[in-house]
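So the structure is just underneath, and the comments pick up after that.
The values are calculated or read from the model by the stated rules, or taken from the named source; none is laboratory data. Predicted, not measured: the structure shown is a model, and the values here were computed from it. As a convention, Cβ positions derive from the backbone with ideal geometry for all residues, glycine included, and neighbour counts pool all protein chains shown. Heavy atoms of the whole protein, side chains included, go into the accessibility calculation; ligands, DNA and RNA do not. Shrake-Rupley method; radii C 1.70, N 1.55, O 1.52, S 1.80 Å.
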Amino acid sequence: MSVTAAKGFTAAGIAAGIKANGNPDLALVVNEGPRRAAAGVFTSNRVKAAPVLWTEQVLKGGEVTAVLLNSGGANACTGPKGFQDTHASAEKVADVLGHSAGEVAVASTGLIGVLLPMDKLIPGIEQAAAQLSEHGGEKAAIAIKTTDTVHKTAVAQGQGWTVGGMAKGAGMLAPGLATMLVVLTTDADLDHTALDSALRGATRQTFDRVDSDGCMSTNDTVLLLASGASCVVPAHDEFAEAVRAVCDDLARQLIGDAEGASKDIRIEVINAATEDDAVEVGRSIARNNLLKCAIHGEDPNWGRVLSAIGTTSAAFEPDQLNVAINDIWVCKNGSVGEDRDLVDMRFREVRITADLAAGPESAVIWANDLTADYVHENSAYSS
């Protein structure tokens with residue numbers, strides 16, 4: 001169910017001592033080939049962590065042999081020393097595996113503005129390499145957790161080939177990308193170009209539409225690696241759908257584990273003039289703190305949905321807007337609709353449908369409610 005579900009991959013997850021609590025904090029994923037094609041998508045935040053800058057350069061070559069991931073420190077906003085540490089980490093992986101550092105991707109997650117303990121990380125790489133196994137995917141997924149309460153994995157099967165993946169993320173979930181690290185693997189025999197196309201299409205519809213708290217990370221990294229070990233070349237559409245399915249599964253797991261959340265909010269914008277309009281409206285609704293508080297209190301306050309729609313540049317007429325909460329159309333034609341007391345909000349998932357009555361396009365954004373637990377967790381995060 002993880003990055004080793006596809007043939008041609010080994011992985012490991014260990015406790016290197018990066019985290020003070022002694023929990024697993026270092027993961028290594030290795031592509032054993034015969035192909036080592038790769039693609040990646042990264043945060044659009046202009047403040048990028050050192051591992052993101054490094055891995056963006058690595059991906060220009062279109063090949064990745066290994067991915068080193070650590071939790072317990074983001075290595076973001078750490079200056080030249082932080083980049084040197086990332087480089088040194090890649091060099092160590094390359095030395096241990098007998099490959100080039102230019103084919104080693106690095107990803108980090110944790111507190112921003114703190115240098116990594118390299119005296120623990122470098123020896124940890126040797127320990128992780130010694131434990132590489134085709135059954136090590138779950139341990140790797142556990143090792144990349146930060147505030148996650150559960151590890152996150154997913155898999156999709158094709159005709160003779162597989163796509164597997166792991167993800168971490170529970171806070172700072174907002175595009176571009178949603179804070180998260182994701183490694184996807186496949187044994188399909190595809191090149192960098194095919195992987196890049198499938199990954200970007202999948203990311204646009206899944207991770208880019210997770211908006212838990214409106215906070216964009218400095219470290220978001222999504223990688224897709226192909227080993228070619230199945231010797232099968234799937235049709236583009238079939239492969240792209242499998243990648244999208246795995247990404248969608250992982251994205252839903254991210255939302256379901258969001259910090260402090262008690263409700264998962266599915267926001268579907270329908271009948272928009274353009275897809276961009278639908279996404280803009282959905283994101284505005286997802287980031288409305290008054291609405292998020294109302295959802296937490298199980299209050300179907302549809303006026304806050306209309307207020308959020310009205311802040312966007314999307315095409316619509318205010319007197320043609322319709323809003324449903326859990327399938328009850330509480331707002332019709334910009335005014336009072338069905339009795340709001342009919343809305344049952346006792347369950348974890350809350351569904352909001354916003355009908356713009358302006359065209360044929362739609363989009364779904366996932367969000368969470370705003371809780372006291374979220375505030376507490378993030379007020380004490382660095383202490």
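Per-peptide packing, taken as the mean over residues of other Cβ atoms within 10 Å, places 162-169, 74-81, 38-45 in the sequence 162-169, 38-45, 74-81 from highest down. If R0 is taken as 41 Å, the Cβ-Cβ distance between Asp191 and Glu268 corresponds to a FRET efficiency of 0.70. Beta bridges per DSSP, both residues in the chain: antiparallel share near 70 percent. Solvent exposure of the stretch 253-377, expressed per residue, is 44 Å² of accessible area, with all protein chains present and a 1.4 angstrom probe.
Checked against a 30 Å cut-off, the cross-linked pairs Lys168/Lys332; Lys152/Lys332; Lys292/Lys332 give Cα-Cα distances beyond that limit for Lys168/Lys332; Lys152/Lys332. When Rg and the Kirkwood radius Rh are both evaluated on Cα atoms of the chain, their ratio Rg/Rh stands at 1.01. In the calculated pair-distance distribution of the stretch 1-70, the portion above 15 angstrom amounts to 63 percent of the Cα-Cα pairs.
Ranking Val93, Val29, Val233 by Cα position along the charge dipole of the chain, where only Lys, Arg, Asp and Glu carry charges on their C-beta atoms, puts Val93 farthest toward the positive end. Less than 5 angstrom separates the built amide H of Ile270 from those of Ala354, Asp355, Leu356, all sequence-distant by 5 or more or on a different chain. Summing +1 for each Lys or Arg and -1 for each Asp or Glu, what net charge is found among the other residues whose Cβ lies under 13 Å from the Cβ of Leu290? Here the count lands on +1.
Split the accessible area of the stretch 1-83 by element, probe 1.4 Å, and carbon with sulfur accounts for 54%. In the assembled protein chains, Asp237 presents an accessible area of approximately 120 Å² (probe radius 1.4 Å). Relative contact order, whole percent, for the stretch 230-383 stands at 37, derived from Cα pairs under 8 Å and 6 or more residues apart.
Taken one residue at a time, the phi angles of the stretch 300-311 give Karplus couplings (6.51, -1.76, 1.60, θ = phi - 60°) of x, 7, 5, x, 6, 5, 4, 4, 5, 4, x, 7 Hz. Gly and Pro are set to x.
Between Ala16 and Asp25, Leu26, the built amide H atoms are under 5 Å apart, and every one of these is 5 or more places off in sequence or on another chain.
Probing with 1.4 Å while keeping every protein chain in the model, the per residue accessible area of the stretch 1-114 equals 36 Å². Dipole magnitude for the chain: computed about the Cα centre from +1 point charges on Lys and Arg Cβ and -1 point charges on Asp and Glu Cβ, it is near 880 debye.
Calculate the length of the line joining the C-alpha centroid of the stretch 76-99 to that of the stretch 229-267, in whole Å. Using only Cα atoms, the two centres lie 30 Å from each other. In this structure, the amide hydrogen of Leu370, modeled 1.01 Å from its nitrogen in the peptide plane, lies closer than 5 angstrom to those of Cys293, His296, counting only residues at least 5 positions away or on a different chain.
Can you work out the Karplus-derived ³J(HN,Hα) for every residue in the stretch 287-299? Use 6.51 cos²θ - 1.76 cosθ + 1.60 with θ = phi - 60°, whole Hz, and x for glycine or proline. Result, rounded to whole Hz: 9, 7, 5, 4, 5, 4, 5, 4, 4, 4, x, 6, 10.
When the Cα positions of Ala5, Pro117, Ala130 are compared along the charge dipole of the chain, Pro117 comes out farthest toward the positive end, with charges on each C-beta of Lys, Arg, Asp and Glu.
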